[in-house]
1. Go through segment 616-674 residue by residue and tally those that are of a type in the set (Gly, Ala, Ser) and either touching a Phe, Trp or Tyr at 6+ places or on another chain (Cβ under 6 Å) or assigned to a strand (DSSP E or B) (or both).
2. Only one of these conditions is not met by Ile607: (1) more than 21 Å from Gly544 (Cβ to Cβ); (2) buried (at least 19 other Cβ atoms within 10 Å of the Cβ). Which number is it?
3. When residues of segment 472-507 are filtered for being of a type in the set (Lys, Arg), over 26 Å from Ile95 (Cβ atoms) and without any contact (Cβ under 8 Å) to a residue 40 or more places away in the chain, how many remain?
4. For segment 503-517, give me the residue count where each residue is closer than 20 Å to Gly441 by Cα and surrounded by fewer than 24 Cβ atoms within 10 Å (Cβ to Cβ).
5. Restricting attention to segment 399-406, does a residue exist that is touching a Gly at 6+ places or on another chain (Cβ under 7 Å), open to solvent by less than 10 Å² (accessible area, probe 1.4 Å), under 24 Å from Gly296 (Cβ atoms) and assigned to a helix (DSSP H, G or I)?
6. So which of Tyr280, Tyr272 ends up being open to solvent by 10 Å² or more (accessible area, probe 1.4 Å), part of a helix (DSSP H, G or I) and of a type outside the set (Lys, Arg)?
7. Restricting the first residue to segment 636-647 and requiring it to be surrounded by 14 or more Cβ atoms within 10 Å (Cβ to Cβ) and among the hydroxyl-bearing types (Ser, Thr, Tyr), which pairs with a second residue that is in a strand (DSSP E or B) and at pLDDT 90 or above meet a Cβ separation below 6 Å and a spacing of at least six or different chains?
Amino acid sequence: MNRLKSGLATGGLLALALAISPAIPAGAAAGAGRDKAPAPESQSLKATEQSRAASSASALGLASGEKLTVKSVIQDANGATHVRYERTLDGLRVIGGDFVSHKDSSGAVKSVTWNYRKNVTPATMTPSVSKSEAHQAGLAASKADKETATPGELVVFQSATGPKLAYEVITEGIKADQTPTRLHTIVDATTGKTLTSWDDIKHGTGNGIFVGSVTLGTTAGTSYTMKDSHGNYTTDLNQATSGTGTTFTDADDVWGNGLQSNRQSAAVDAHYGAGKTYDYYNTQLGRAGIWNNGTGARSRVHYGQNYVNAFWDGTQMTYGDGAGNAAPLVELDVAGHEMSHGVTENTAGLNYSGDAGGLNEATSDIFGTGVEWYSNNPSDTPDYLIGEEININGNGTPLRYMDKPSKDGASKDCWSSSLGGLDPHYSSGPLNHWYYLASEGSGAKTINGTSYNSPTCNASTVTGIGHLKVEKIWYRTLSTYLTSSSNYAAARTGVIKAAKDLYGAGSAECTAVDNAMAAISAPASTETCGGTTPPPTGAALTNGGFESGQTGWTGTSGPITNNTGRPARTGSWKLWLGGNGTTASENESQTFSVPSTATSPTLTYYIRIDTAETTTSTAYDKATVQLNGVTKASFSNLSTPKASYVAKTLDLTAYKGTNVTLKFASTEDSSLQTSFVIDDVSTNF
């Protein structure tokens, strides 16, 4: 049972958690449920591309000793793919050798986004520096307590100055302020010089308990566990600085009291932040969590003694309790920001130095802000300020300002060639500025009660297109067009390409994000928005066959699936509404445009219905098809036919020259499943 009490957090996803069970085969027993996990990145696509890796390396003209490992594959609705590779040379990992191959639907390579350069063969493959010397260099760079260091792995290190034979030494320990460190040090294998280093631990700062009375996802058993349906769970470290901690449990599913004196209160904020971050990526950007595989992450609270920090370590979030163990650092901004470092690691893998470091930090600020807008929590009003509630400066000012980053006294508003020498938290300023300008435009304005006044670096006037469109464009850029060492020039090229992919050549969206890049003085790109008019209106729906998972669709986590419990009409994926055998509501929607010149525009979809309900008179489970919020078709457990796909057509004549939002939705009662399975949605203009 779900309860919401003033000042308390309650288990709002309990019904969903209880409903999950194996898929119902056709004709299964009445009332059975099914697992409707979000669509993960296609493992079959990765396997297929990996099987082609040798021929791909040969076709790209790579050296005979080079081998490719597929890191990820993104498939567009039209069948085009973007394959991200990592490389080895004669068995040695090539750090910085990553690249993305962009292929059309036939598999032909249309372009390649290289990281630095194609050639990764160093002048020599014979080291003159020993592993023990590299090991000592790594220990010297770390400056931490309780250090341990790997012996040193021989690698090829690719950078702007070309490939070098090197050692990578990984040193682990605890810094003086209790922050753990996992430092990677790259030591030149011919000179012994330290070339670069970076830490896996990405951290931020906060102070307080913020989200108020919220709904949490929990799991029932002999007691309630702070673990949601995606696998996000929260543990109590009890002031330790290592280990996994103990998962929070509760007898009545009512968690905390909003005060630090109750150890559950900090856990409520952390768990809420993890769940909202997952849901934001899943429903708004089409990514099934940090690793894009449908799994959640662990959050650890009550770390260390008087620890005034929080961090992401590559696998989990960790929060300190602040000064005097009295102010846990669990603000929503912190969770969204730090967990987004995990998304960056698992997409472009942006280095934490130079321009790439600034892009890395700004990415977390952008998506952390996106999480805040998506959550729309009344206790944390969405804005374009970073860490505005944690009062780390002691005077009520935020950590960072996206409309004018230089207001923090250290960040830069505009790109320059010297930017890469700054701490990434400050070199992030120009991209944060770009995000604000592209979202809201330049000049003075008040949004959600907060005043902004965003200048431009070229004295231009910029018109915004809304933060969600900008977030979608930046996510597409990050996941498709950036590599580990990308700079601001690559970012400008990437956003132009991404905007054209999503909104078309010549679109207002492409023009806006490019103008915003010019407004932060980002280097000019040879890529242009192209065209003089917006993309042709009336194009077919994106991903109408659902074969690209969530791409193009916004709604509930899980209904778009390749689960074999129900057949797709074509391909493997479909929209499976209902079928839970418990009280549930689900929906998916997409907006498209109908050309004013269309003669007889229509929308067609195929629907298959089966039910375990035995009544012939009562509609317990229902589904609707809506256009702009108006129901155009209704189905229920009483509908016929059963267990076969039937085509349905809607007349779109009344919508000529306008945008139309199509929405498929379903509701089920507490027992006996009905499945409404939809596939092959298309428009005919």
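The values are calculated or read from the model by the stated rules, or taken from the named source; none is laboratory data. Given the structure is predicted, the values throughout are model-derived calculations rather than measurements. Glycine also receives a Cβ, built like all others from the backbone with ideal geometry; neighbour counts cover every protein chain displayed. SASA here: full protein model, heavy atoms, side chains in, ligands and nucleic acids out. Shrake-Rupley method; radii C 1.70, N 1.55, O 1.52, S 1.80 Å.
1. Narrowing segment 616-674 to residues of a type in the set (Gly, Ala, Ser): 617, 619, 623, 629, 633-634, 636, 639, 643-644, 647, 654, 657, 665-666, 670-671.
Narrowing further to those that are either touching a Phe, Trp or Tyr at 6+ places or on another chain (Cβ under 6 Å) or assigned to a strand (DSSP E or B) (or both): 623, 633-634, 636, 647, 665-666.
So the answer is 7.
2. Against the list (1) more than 21 Å from Gly544 (Cβ to Cβ); (2) buried (at least 19 other Cβ atoms within 10 Å of the Cβ), Ile607 comes up short only on (1).
3. Pass one, segment 472-507, residues of a type in the set (Lys, Arg): 472, 476, 492, 497, 500.
Of the ones still in play, those that are also over 26 Å from Ile95 (Cβ atoms) are 472, 500.
Filter once more, so that each one left must be without any contact (Cβ under 8 Å) to a residue 40 or more places away in the chain: 500.
Residues flagged as of a type in the set (Lys, Arg), over 26 Å from Ile95 (Cβ atoms) and without any contact (Cβ under 8 Å) to a residue 40 or more places away in the chain within segment 472-507 amount to 1.
4. 7
5. There is no residue in segment 399-406 that is touching a Gly at 6+ places or on another chain (Cβ under 7 Å), open to solvent by less than 10 Å² (accessible area, probe 1.4 Å), under 24 Å from Gly296 (Cβ atoms) and assigned to a helix (DSSP H, G or I).
6. Numbers: Tyr280 fails: open to solvent by 10 Å² or more (accessible area, probe 1.4 Å).
Just a single option satisfies the conditions, and that option is Tyr272.
7. Pairs found: Ser636/Lys622; Ser639/Ile609; Tyr645/Tyr606; Tyr645/Arg608.
Let's see how each residue does on (1) aliphatic (A, V, I, L, M); (2) closer than 20 Å to Lys46 by Cβ:
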residue: Asn262; (1), (2): no, no
residue: Ser265; (1), (2): no, no
residue: Leu285; (1), (2): yes, yes
residue: Ile290; (1), (2): yes, yes
residue: Ala297; (1), (2): yes, no
residue: Arg300; (1), (2): no, no
